[in-house]
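Here's the structure we're looking at; comments come further down.
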Amino acid sequence: MKTVSHWIGGKSVEGASGNWGPVTDPATGAVTTQVALASAEEVDSAVAAAKAAYATWGTSSLAQRTAILFRYRALLDARRDDIAALITAEHGKVHADALGEVARGLEIVELACGITTQLKGELSTQVSSRVDVAAIRQPLGVVAGITPFNFPAMVPMWMFPLAIACGNTFVLKPSEKDPSAAVLLAELAAEAGLPDGVLNVVHGDKVAVDALLAHPDVAAVSFVGSTPIARHIHATASANGKRVQALGGAKNHMLVLPDADLDAAADAAVSAAYGSAGERCMAISAVVAVGAIGDELVARIRERAEKIKIGPGADPASEMGPLITRAHRDKVAGYVTGAAAQGAEVVLDGTGYTVEGYEDGHWIGLSLLDKVATDSDAYRDEIFGPVLVVLRAETYEEGVELINSSPFGNGTAIFTRDGGAARRFQLEIEAGMVGVNVPIPVPVGYHSFGGWKDSLFGDHHIYGNDGVHFYTRGKVVTTRWPDPADAPTGVDLGFPRNH
């Protein structure tokens, strides 16, 4: 059986804890790999390697860093298919979707390649006689990233390329459910010339996470995952004096106004709700139909959803793959089977779906629930699967109030032909990312990604300008150089004067 080891100090390091976790092929249900689960001592070894590397990497030139990152970007581009194949084998998403994940991660590598402009400081000259003030940004030291199973390549690439471009060294703890892509990313970074210890990968469970959160040499922690864990990460790491960005869960809404193009809205709803089997924090999981369009919109969504081909991710004909684990599949199915008892109309029930020849895979079909109540489990919880709920609202104002009442505020979208309504929506809605006739408003790399309310814990969003600011800290330097013609002025005990 294949084993996945840690990557520490520029080389593969076998697990020493004696603990291993199973990695499953979601399409077959078979355990194909075992991954080493790190002890606290192994985490300490990775942090020590990162700390040692920081002594030189933190003072390395921007030219050196960007040269490595440009080579890294070229290697990632050349190995797109290999990275995507690992994602499909361990996560289950279809190959085209996995390639899209790699492409979005590459955006942040490209941003990191341009770090020379991102780290430019500010200078004010002559604030007083022969006094200049400069603002600069410097790296933090050793930083850590804890990433989820649903994007095993993209989310790590949202973190470490920018962190190391800023001069930090990095310890990555990827999901133990699909760890292989992270190791390949680290191997390619070494091939690009990244010095040993600048990027380290340790696999593990709660033991490894808690060790990172408590480690005195870790200056900052980035996290993407569920809201309960994000809240714990933020509270624990902050209590240990660390800077934290913790991105949590979501219940993303799509408001469809009566004037919307219903075909475009239905296409968008199916793509955004069921893509990647719904296992993404930016999935549209709740459609709010305004006015009398609800029945027609639901019918068009159903018509499209019934045509989606579900099958193994490696099959080019498949449009949606299985869920990551059998336990998660059963949890998602539970929301559908319990929906009718809580007042929903079950338009599509995908809980009995299976694929011939792959009967032991973690399969579930597309489910569509209409006339869902706001106090039902299917609406309140982040399901993280291919389940779309539809709610009804009489007016725009009622729809906005419904969305703003959600404890989540990650992303949201409006579908309308009315520019005035769209403008009101983008200002009135309480969410960090807004789409206008765009169902999944994930920002490009040079803008930052992040939500509001229970979707984000910490002050900084991820990547973009916020990412640069998160991985650096500001310093202001005030200087006065005496003119050679000046005579000594003597001692002045007064407060420094700027005028």
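The values are calculated or read from the model by the stated rules, or taken from the named source; none is laboratory data. Only a predicted model underlies this, so the values are computations on that prediction, with no experimental measurement involved. Cβ placement follows ideal geometry from the backbone for every residue including glycine, while neighbour counts extend to all protein chains displayed. Only protein heavy atoms, including side chains, enter the accessible area calculation; ligands, DNA and RNA are left aside. Shrake-Rupley method; radii C 1.70, N 1.55, O 1.52, S 1.80 Å.
May I ask you to verify whether residue 142 is surrounded by fewer than 21 Cβ atoms within 10 Å (Cβ to Cβ) and farther than 18 Å from residue 67 by Cα?
On the way: surrounded by fewer than 21 Cβ atoms within 10 Å (Cβ to Cβ): no; farther than 18 Å from residue 67 by Cα: yes.
No.
Look through 85, 112, 103, 16 and report the one residue that is more than 24 Å from the chain's Cα centre (by Cα) and of a type in the set (A, V, I, L, M). Give the steps one after another, and end with the answer.
Working: 85 fails: more than 24 Å from the chain's Cα centre (by Cα); 112 fails: more than 24 Å from the chain's Cα centre (by Cα); 103 fails: more than 24 Å from the chain's Cα centre (by Cα).
Just one listed residue meets the conditions, 16.
Only residues that are open to solvent by 30 Å² or more (accessible area, probe 1.4 Å), more than 29 Å from residue 314 (Cβ to Cβ) and in a loop (DSSP other than H, G, I, E, B): list them for region 15-46, please. Residues satisfying the conditions are 16, 17, 18, 19. Among the conditions (1) touching a residue at least 60 places away in the same chain (Cβ under 8 Å); (2) basic (Lys, Arg); (3) not in a helix (DSSP H, G or I), residue 120 misses just one, which is (1). Residue-level analysis places residue 261 among those that are modelled with pLDDT of 95 or more, more than 29 Å from residue 36 (Cβ to Cβ) and not aliphatic (A, V, I, L, M).
Hey, any hits in region 435-448 for a residue that's in contact (Cβ under 8 Å) with a residue 12 or more places away in the chain, in contact with a strand residue (DSSP E or B) (Cβ under 6 Å, 6 or more places away or on another chain), closer than 27 Å to residue 324 by Cβ and crowded, with 22+ Cβ neighbours inside 10 Å? Yes, region 435-448 contains a residue that is in contact (Cβ under 8 Å) with a residue 12 or more places away in the chain, in contact with a strand residue (DSSP E or B) (Cβ under 6 Å, 6 or more places away or on another chain), closer than 27 Å to residue 324 by Cβ and crowded, with 22+ Cβ neighbours inside 10 Å.
Give me a count of the residues in region 338-350 that are part of a helix (DSSP H, G or I) and modelled with pLDDT of 95 or more.
From region 338-350, those part of a helix (DSSP H, G or I) are 340-342; that's our starting set.
Then drop every residue that is not modelled with pLDDT of 95 or more, which leaves 342.
Of the residues in that region, 1 qualify.
Within region 60-113, the set of residues being open to solvent by less than 10 Å² (accessible area, probe 1.4 Å) and in a loop (DSSP other than H, G, I, E, B) comprises 92, 93.
All conditions but one from (1) touching a His at 6+ places or on another chain (Cβ under 9 Å); (2) under 22 Å from residue 218 (Cα atoms); (3) not charged (D, E, K, R) apply to residue 474; the one that does not is (1). Of all residues in region 274-314, exactly one satisfies the criterion of being under 21 Å from residue 328 (Cα atoms) and among the acidic types (Asp, Glu), namely 279.
Filtered by the rule that a residue be in contact with a Phe, Trp or Tyr (Cβ under 8 Å, 6 or more places away or on another chain) and not in a loop (DSSP other than H, G, I, E, B), region 426-461 gives 433, 434, 436, 449, 453. Of all the listed residues (459, 466), the sole one being under 24 Å from residue 104 (Cα atoms), out of contact with any Leu (no Cβ under 9 Å at 6 or more places or on another chain) and at pLDDT below 95 is 459. In region 367-386, the condition of being more than 25 Å from residue 255 (Cβ to Cβ) and either surrounded by 15 or more Cβ atoms within 10 Å (Cβ to Cβ) or out of contact with any Phe, Trp or Tyr (no Cβ under 6 Å at 6 or more places or on another chain) (or both) is met by no residue.
Could you say whether any residue in region 287-303 is surrounded by fewer than 21 Cβ atoms within 10 Å (Cβ to Cβ), of a type in the set (Val, Ile, Thr) and closer than 30 Å to residue 397 by Cβ?
Let us first name the residues in region 287-303 that are surrounded by fewer than 21 Cβ atoms within 10 Å (Cβ to Cβ), namely 291-296, 299-300, 302-303.
Narrowing the set further to residues that are of a type in the set (Val, Ile, Thr) leaves 293.
Now narrow it down to the ones that are closer than 30 Å to residue 397 by Cβ: 293.
Scanning region 287-303, I find at least one residue that is surrounded by fewer than 21 Cβ atoms within 10 Å (Cβ to Cβ), of a type in the set (Val, Ile, Thr) and closer than 30 Å to residue 397 by Cβ, so the answer is yes.
A Cβ distance below 8 Å, combined with a sequence gap of six or more or placement on separate chains, defines the contacts here; from region 312-336, residues that are touching a residue at least 12 places away in the same chain (Cβ under 8 Å) and farther than 16 Å from residue 383 by Cβ reach residues that are aliphatic (A, V, I, L, M) and assigned to a strand (DSSP E or B) in the pairs 318/310; 319/310; 321/310.
This table checks each residue for (1) out of contact with any helix residue (DSSP H, G or I) (no Cβ under 7 Å at 6 or more places or on another chain); (2) in a loop (DSSP other than H, G, I, E, B); (3) modelled with pLDDT of 95 or more.
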{"site": "335", "(1), (2), (3)": "no, no, yes"}
{"site": "358", "(1), (2), (3)": "yes, yes, yes"}
{"site": "365", "(1), (2), (3)": "yes, yes, yes"}
{"site": "384", "(1), (2), (3)": "no, yes, yes"}
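Any idea how many residues of region 387-420 are in a loop (DSSP other than H, G, I, E, B) and surrounded by 18 or more Cβ atoms within 10 Å (Cβ to Cβ)? Looking only at that region, the number is 3.
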